[in-house]
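Trainee: This structure is in structure tokens; I'll ask about it shortly.
The values are calculated or read from the model by the stated rules, or taken from the named source; none is laboratory data. Predicted, not measured: the structure shown is a model, and the values here were computed from it. Note that each Cβ is placed from the backbone with ideal geometry, even for glycine, and that neighbours are counted across all protein chains shown.
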């Protein structure tokens, strides 16, 4: 199980005691929506790498939207309007 060691509220550092539990939601990051799980982000990043999708996730409401570059940060959410959409690969780099 991963332990949180960082001070940045959006992108904490994970100290790996064991392997990351890929079904664990990001509940340790209180500013992220509870539906953003490691498994969900990894699946989207794989679609981005091996397909034609460009998914991103809103950390405020959990909405998945298309048309996001892999390194997207602070895009406006189509659902809630918050500037909280990040590319799937950008989120994945922070948790793996």
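Trainee: If only one of 61, 68 is over 12 Å from residue 90 (Cα atoms) and at pLDDT 90 or above, which one is it?
Mentor: Checking each option against the conditions leaves just 61.
Trainee: OK, next. Considering only region 74-96, state which residues are over 10 Å from the mean Cα position of the chain (by Cα) and within 14 Å of residue 32 (Cα to Cα).
Mentor: 74, 77, 80, 82, 83, 84
Trainee: Still on this structure: Pull up region 37-73, narrow it to residues that are part of a helix (DSSP H, G or I) and surrounded by fewer than 19 Cβ atoms within 10 Å (Cβ to Cβ), then point me to the one that is farthest from the chain's Cα centre (by Cα). Don't jump to the end; show me each part of the working.
Mentor: Our first condition is that a residue be part of a helix (DSSP H, G or I); within region 37-73, this holds for 38-50.
Among the residues that remain, those that are also surrounded by fewer than 19 Cβ atoms within 10 Å (Cβ to Cβ) are: 39, 42-43, 46-47, 49-50.
Numbers: 39: 10, 42: 9, 43: 11, 46: 13, 47: 14, 49: 15, 50: 18 Å.
Among those residues, the one meeting the criterion is 50.
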